[in-house]
Amino acid sequence: MNQSWQEKIYLEVAKRSNVIIPYFKYIYFLILIVSLGLGTYFELSGGPHFQFFYDLGRHFGQAALVLLGTVVMPGILGRFGIEIKITRLITVFRRQLGILVFILAFSHYHLVRGVPRLIGLFPLFPPYQLFEYFGTISLFLLFFMFLTSNNFSVKKLGKWWKRLQRIVYVILWLLVLHTTLWRISVWSIFIFFFATLEILSWIYYFLYRSGDTVNDVGKYNE
């Protein structure tokens with residue numbers, strides 16, 4: 001049987017996953033060095049590079065939104081019964097992408113609110129603006145998902161591991177509130193789109209596909 005170009009790409013990348021996955025660690029460290037190291041130094045110094053790192057922090061947050069939408073896409077498509085083989089690549093690296101989402105989100109907070117609070121640009125103690133609370137709660141929940149993104153947690157938590165990972169559905173709507181209350185933009189619309197698709201896909205699954213024994217719901221959330 002002739003393989004499609006999507007299948008060929010998937011098989012080639014999947015075969016090399018053990019080689020590719022370690023490179024994610026370099027990406028993690030690079031982002032943390034830039035945000036925690038260079039970003040902290042230049043923002044605390046209040047020099048001409050402050051605005052650059054502040055804007056970089058906003059871009060980190062935007063990248064986190066894009067990656068989060070990417071990570072949940074295979075599950076959404078699966079529940080709708082839509083097969084796009086190339087998206088299977090996301091599931092191969094889903095855990096690593098999930099860790100990257102947290103690191104980007106943490107770097108976003110650190111550069112946009114963490115360090116600026118230390119130098120007095122924003123209040124150090126509550127009350128904060130409402131959108132900040134939703135962003136902080138979503139980062140807190142992402143942290144727990146980050147802590148359990150390893151084989152040890154999968155083994156120890158068992159069926160509770162998948163249930164914990166479903167916190168992402170709550171995180172999506174928290175981010176809708178976070179981005180919308182800050183200001184309505186392409187990013188608030190973007191994350192609202194994926195949060196809505198999550199709900200619609202589950203409704204569709206339970207109404208029309210809950211008896212499907214081949215594409216079971218567990219598969220969509222691995």
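Things worth noting here:
- Taking the stretch 177-190 as the range and being within 10 Å of Leu65 (Cα to Cα), open to solvent by less than 60 Å² (accessible area, probe 1.4 Å) and of a type outside the set (S, T, N, Q) as the test, only Phe190 passes.
- Counting only helices (runs of 4 or more DSSP H) that sit wholly inside the stretch 62-125, those with at least 1 residues that are closer than 27 Å to Glu7 by Cβ, open to solvent by 50 Å² or more (accessible area, probe 1.4 Å) and touching a helix residue (DSSP H, G or I) at 6+ places or on another chain (Cβ under 7 Å) are 88-92.
- Any hit, the stretch 155-170, residues being in a helix (DSSP H, G or I) and farther than 30 Å from Ala14 by Cβ: yes
- Test: residue in the stretch 41-58 that is without any contact (Cβ under 8 Å) to a residue 24 or more places away in the chain, in a helix (DSSP H, G or I) and within 19 Å of the chain's Cα centre (by Cα): no
- Taking the stretch 132-142 as the range and being surrounded by 13 or more Cβ atoms within 10 Å (Cβ to Cβ) and either in contact (Cβ under 8 Å) with a residue 12 or more places away in the chain or under 15 Å from Gly98 (Cα atoms) (or both) as the test, the residues that pass are Glu132, Phe134, Gly135, Thr136, Ile137, Ser138, Leu139, Leu141, Leu142.
- Only one of the listed residues (Ser149, Ser153, Ser188) is more than 24 Å from Arg95 (Cβ to Cβ) and of a type outside the set (A, V, I, L, M, F, W, C). That residue is Ser188.
- The set of residues in the stretch 126-152 being outside any helix (DSSP H, G or I) and not β-branched (Val, Ile, Thr) consists of Pro126, Pro127, Tyr128, Gln129, Ser149, Asn150.
- Flag if Val168 is among the β-branched types (Val, Ile, Thr), crowded, with 17+ Cβ neighbours inside 10 Å and within 29 Å of Ile203 (Cβ to Cβ): yes
The values are calculated or read from the model by the stated rules, or taken from the named source; none is laboratory data. All figures in this text were calculated on a predicted structure; none of them were measured in a lab. No Cβ is skipped: glycine too gets one built from the backbone with ideal geometry, and neighbour counts run over all protein chains shown. Areas reflect the complete protein model, heavy atoms only, side chains present, ligands, DNA and RNA absent. Shrake-Rupley method; radii C 1.70, N 1.55, O 1.52, S 1.80 Å.
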